[in-house]
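What follows is a single structure, written as structure tokens, with notes after it.
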Amino acid sequence: MLDNPAWYSLTGPHAHFAQANGSARRYDPDISVFVGLPDDRDEQVWADLADLAGPGVELPITGAEVAPPPDWEPVAKGTGVQMVDDGIDARPDPEAVVLGAADADEMAALVARTNPGPWRPRTFELGTYLGIRRNGRLVAMAGERLHPPGWTEISAVCTDAEHRGQGLAGRLVRAVAHNIRSRGDQVLLHAAASNTNAIRLYRQLGFRLRRETTFAVYRTPA
């Protein structure tokens, strides 16, 4: 299931966020960029996804690495890592505040400044997001994204440049992990393989490498 987390999220706990066509799934585009495809992907699956997304749309393809048909244009490709909880010292943080709709503009601005990964206007609806403020300004954040059954992904871990080196990211990851565990779920996350500083931090916090993965973006046929 963790080899194809978007699919199992969209057909499981996040089914209420899903748009569907045949065997293809995608999140509401205002919530997330991710799509879900079954483990076995034939030409009809790709046709279903193309019809669902529309022509000339860039889509991230994750999970089992099966190449789309030739009329899908490759846009970008990279290597990532998937890491899982291996003894995180999860605990609440007294300074962390729950973020929601009232904080949407601040969250989007922080993501724009720090670029932790894909973000959409309603991404915060995927789960609980926690933040830390300094002088009233949101300077660090982490939250929940993909949700295959029994698991929740930590995502959008980011800190403003002038507040890095203070341990804020680690504190928020521990706090989000505490929330996930309190529901009985297990914790996972993804990172770009090139982001060695983040991977080092996650190892220190108690994550272990589960697998390398491929992040690819393709454009649907015009």
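So here's what we get for this one:
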| read-out | value |
| --- | --- |
| Protein accessible area in segment 70-119, 1.4 Å probe - carbon and sulfur % | 52 |
| Solvent exposure of the chain as accessible area per residue, Å², 1.4 Å probe | 46 |
| Percent breakdown of C-alpha pair distances by 5 Å bin, ordered from the shortest bin, for segment 158-222 | 3, 13, 21, 21, 16, 12, 7, 4, 2, 0 |
| Convex hull (Cα only) mean projected area of segment 98-161, reported in nm² to one decimal | 4.2 |
| Per residue Cα convex hull volume in Å³ - calculated over the chain | 117 |
| Cα-based helix-to-principal-axis angle, 196-205 vs the chain, degrees rounded to 10 | 60 |
| Spacing of the two label points (7 Å from each Cα toward its C-beta) at Ser194 and Asp28, in nm | 3.3 |
| Sequence-separation-based contact order of segment 1-152, relative, with Cα cut under 8 Å and 6+ spacing, percent | 28 |
| Separation of alpha-carbon centers, segment 64-132 and segment 19-35, rounded to whole Å | 16 |
| For segment 55-144, alpha-carbon Rg and Dmax in angstrom | 17.1, 52 |
| Packing rank of 10-21, 163-174, where each peptide gets the mean count of other beta carbons within 10 Å, highest leading | 163-174, 10-21 |
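The values are calculated or read from the model by the stated rules, or taken from the named source; none is laboratory data. Just so you know, these numbers come straight off a predicted model, no measurement behind them. As a convention, Cβ positions derive from the backbone with ideal geometry for all residues, glycine included, and neighbour counts pool all protein chains shown. These accessible areas exclude ligands, DNA and RNA; they are computed on the full protein's heavy atoms, side chains included. Shrake-Rupley method; radii C 1.70, N 1.55, O 1.52, S 1.80 Å.
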